[in-house]
Structures are given as C-alpha cells and as structure tokens.
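Asks: Pasting a structure here, questions to come.
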Amino acid sequence: MTKKDHPDSENTDDLRHHMSSMLMRESLIDKDVVANTGAESPVMRMLPDAKVIKVGGHSIIDRGRGPVYPLIEAIGEALSTHRLVIGAGGGARTRHVFSIGIDLGLPTGVLAGLAIADALGNAHILGTLLAPHGVVAIPPEIFGHLLPFFMKGAPGVIFNGDPPYALWEHPPEIGRIPPHRTDAGTYLTAECFGCKTCTLIKDVDGLYDSDPKKNSNATFIPKISVSEMRERKFETLPFDQVLVDLLERSRLVRQVQIINGNKPELLVPALNGEHVGTILHADG
C-alpha cells in the first residue's frame with residue numbers, strides 16, 4: 001500500500017510504502033481492540049499429533065527405583081505408538097532451595113531461576129533412563145526453537161518442565177514461591193504447540209475433596225471444570241494452582257488429565273484418550 005492510497009495521506013505524490021494492519025493505529029490496552037484479536041484467525045497447531053506428559057519430581061522421581069523403573073517401562077511401551085513430549089518436575093531439592101532462598105530474602109524471580117536448574121537435573125535423569133528408546137533431553141536454550149525438528153527424528157523428547165520466566169516470574173498473590181512451576185510449564189508447552197493431549201503423572205489417582213494422604217475418607221473427583229474448581233476452593237491440590245487460570249484462557253488444549261504414576265498401566269490408556277484419572281477442563 002502506498003501513502004497515496006492511504007486514507008490518512010495528505011501528500012498524494014509520496015510513493016513510499018506503508019504497512020497496513022488492524023493494530024497499526026490502535027492502542028494495545030483498548031479492550032475492544034484486544035478482544036478482536038481472538039477472532040482474527042484460528043490458532044495454528046504446530047505439533048497436533050504430539051502428546052505431552054509430565055513426570056512429577058517430588059511425587060515420582062524422588063521416590064527412586066521403585067516407582068520410576070515401572071513408569072519408564074510404561075513410557076517405553078507408549079513410545080511405540082505415540083510421539084511424546086515429556087516434562088520433568090522438580091522435587092525435594094526445589095523445596096530445599098526455596099527454603100534457603102526465602103530465608104535469605106531472595107525475590108520470587110530468583111527462586112524461579114533456581115527451580116529451573118533442579119527440574120533440568122531430573123530431565124537428564126529421565127533422558128538417561130529413556131535413552132535406549134531413542135528419547136533425548138533437550139537443553140532449555142534450544143528447546144522451543146528445535147522441538148519440531150527433534151520430534152521428527154525421535155519418538156520422544158524430554159525438557160525441564162519449569163517455564164523460563166526466571167527473573168520475570170509473576171509475583172504470587174500470597175508469599176514468594178513462584179506460581180508457574182513444572183505443571184504450568186508443561187501445560188503451556190502443550191498449549192503453545194497445540195499438542196493433542198496433556199497428562200500429569202502424580203502419586204495419587206487424581207483430585208480429591210481433601211488430601212487423601214491425610215484423610216482416608218477423602219472423595220475422589222473424576223471430572224471437574226475450572227469454574228467449579230473456583231467455587232469449591234480446595235485446601236490442597238495435586239497440581240499448580242495457576243493451572244486453573246491457564247486452562248480458563250486456553251485456546252487449543254482445553255483439558256488435562258491427572259493420573260497415578262504408581263499405576264503405570266494407566267499411562268497408555270490415558271494417552272489413548274481413556275478416562276483413567278481426574279480430568280480438569282475449561283468451561284464450555
């Protein structure tokens with residue numbers, strides 16, 4: 001488009017090219033303008049056939065050979081029919097470094113950066129155990145850029161589940177612990193790349209109305225929406241609280257399923273779309 005053709009042009013002899021776009025002369029804090037960006041075009045799915053799983057650090061990896069080896073076998077079996085993006089959780093070391101950092105007065109952004117290092121260590125552990133299956137652990141510096149490339153050449157890839165906010169981590173509503181941890185980071189990966197499913201592997205069957213490790217009469221909840229989650233205000237959750245906010249705003253991955261990693265036989269059915277844990281889903 002030339003300036004001659006531009007509606008705001010006063011000089012019809014100026015043949016310089018000007019860009020024309022819907023946001024060129026708009027304020028990006030105008031709510032109506034921002035709302036229109038949601039319907040401008042469908043969101044592209046970059047990896048529509050990939051399935052994302054997250055292996056809990058504290059709940060699975062920290063427990064050692066007992067729960068880890070059977071789960072590795074189940075993941076190996078799943079890799080024969082599914083392409084997997086595997087997020088690694090942090091664990092006890094993350095909690096320890098949080099305790100030290102909080103005692104020293106470190107800000108949330110620094111704590112988030114420290115957590116990334118812990119999850120990366122667990123990613124390397126999983127990468128070693130799954131190496132015989134051709135799975136590779138991708139360094140965080142190249143993960144986002146080269147994930148599609150690696151997914152073409154390997155049946156699965158592993159990454160540290162923490163999102164790389166680090167110093168730019170959002171301040172939490174309460175306290176100083178980073179709100180976006182490995183559940184959130186794994187889900188955001190699935191949402192950004194438009195993956196088919198997202199499964200969180202924990203050490204419980206899913207969501208309960210109270211902590212089943214403390215209350216033997218806790219009631220299992222097989223399926224729940226984000227709006228009901230907000231209404232019920234659970235005291236404890238087996239996943240990052242911020243995941244509720246992320247699902248509420250999701251465009252591509254509208255639900256996650258939480259399954260029990262101590263029952264590795266559930267992994268393949270979950271990846272096949274069976275309901276074998278708790279499904280947390282967006283409204284609508």
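Asks: On the basis of being surrounded by 17 or more Cβ atoms within 10 Å (Cβ to Cβ) and small (Gly, Ala, Ser), does Gly156 make the cut?
Replies: yes
Asks: If you don't mind, another one. So Thr128 ticks every box in (1) buried (at least 19 other Cβ atoms within 10 Å of the Cβ); (2) over 16 Å from Phe193 (Cα atoms); (3) among the β-branched types (Val, Ile, Thr) but one. Which box is left unticked?
Replies: (1)
Asks: Applying the selection to region 159-179, what residues are in contact (Cβ under 8 Å) with a residue 60 or more places away in the chain and either in contact with a helix residue (DSSP H, G or I) (Cβ under 6 Å, 6 or more places away or on another chain) or β-branched (Val, Ile, Thr) (or both)?
Replies: If the condition is that a residue be in contact (Cβ under 8 Å) with a residue 60 or more places away in the chain and either in contact with a helix residue (DSSP H, G or I) (Cβ under 6 Å, 6 or more places away or on another chain) or β-branched (Val, Ile, Thr) (or both), then Phe159, Asn160, Gly161, Asp162, Glu169, Pro171, Arg176, Ile177, Pro178, Pro179 are the ones that fit.
Quick grid of which residues meet (1) over 19 Å from the mean Cα position of the chain (by Cα); (2) part of a loop (DSSP other than H, G, I, E, B):
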{"residue": "Ala115", "(1), (2)": "no, no"}
{"residue": "His124", "(1), (2)": "no, no"}
{"residue": "Leu147", "(1), (2)": "no, no"}
{"residue": "Leu167", "(1), (2)": "no, no"}
{"residue": "Glu173", "(1), (2)": "yes, yes"}
{"residue": "Pro178", "(1), (2)": "no, yes"}
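Asks: What residue, of Ala74, Ala78, is in contact (Cβ under 8 Å) with a residue 12 or more places away in the chain and touching a strand residue (DSSP E or B) at 6+ places or on another chain (Cβ under 7 Å)?
Replies: Ala78
Asks: Pull up region 75-84, narrow it to residues that are under 21 Å from the mean Cα position of the chain (by Cα) and assigned to a helix (DSSP H, G or I), then point me to the one that is surrounded by the most Cβ atoms within 10 Å (Cβ to Cβ).
Replies: Applying the filter and picking the extreme gives Ile75.
Asks: Would you tally the residues in region 85-102 being part of a helix (DSSP H, G or I), surrounded by 17 or more Cβ atoms within 10 Å (Cβ to Cβ) and of a type in the set (Val, Ile, Thr)?
Replies: So the answer is 2.
Asks: While we're here: Considering only region 102-142, state which residues are out of contact with any Lys or Arg (no Cβ under 7 Å at 6 or more places or on another chain) and hydroxyl-bearing (Ser, Thr, Tyr).
Replies: Answer for region 102-142, where residues must be out of contact with any Lys or Arg (no Cβ under 7 Å at 6 or more places or on another chain) and hydroxyl-bearing (Ser, Thr, Tyr): just Thr128.
Asks: For region 131-145, which positions are within 17 Å of Ile75 (Cβ to Cβ) and either surrounded by fewer than 17 Cβ atoms within 10 Å (Cβ to Cβ) or over 17 Å from the mean Cα position of the chain (by Cα) (or both)?
Replies: Residues satisfying the conditions are Ala131, Pro132, His133, Gly134, Val135, Val136.
Asks: Return yes or no: is Gly105 within 21 Å of Gly175 (Cα to Cα) and either free of Cβ contacts under 8 Å to residues at least 40 places away in the same chain or not in a helix (DSSP H, G or I) (or both)?
Replies: In short, yes.
Asks: Within region 51-97, can you find the residues that are among the small types (Gly, Ala, Ser) and in contact with a Ser or Thr (Cβ under 9 Å, 6 or more places away or on another chain)?
Replies: Listed by number, the residues that qualify are Gly56, Gly57, Gly87, Ala88, Gly89, Gly90, Gly91.
Asks: Further question on the same structure: Counting just the residues of region 204-236 that are of a type in the set (D, E, K, R) and part of a loop (DSSP other than H, G, I, E, B), which one comes out surrounded by the fewest Cβ atoms within 10 Å (Cβ to Cβ)?
Replies: Ranking the qualifying residues of region 204-236, first place goes to Lys233.
Asks: While we're looking at this one, here's another question. Against the definition (closer than 24 Å to Gly57 by Cα, in a loop (DSSP other than H, G, I, E, B) and out of contact with any Asp or Glu (no Cβ under 7 Å at 6 or more places or on another chain)), how does Glu265 come out, yes or no?
Replies: Taking the combined requirement at face value, the residue does not satisfy it.
We did not get these values from a lab; they are worked out from the coordinates using the rules stated. Since we're looking at a predicted model, the values are computed, not measured. Glycine gets a Cβ as well: all are built from the backbone with ideal geometry, and neighbour counts include every protein chain shown.
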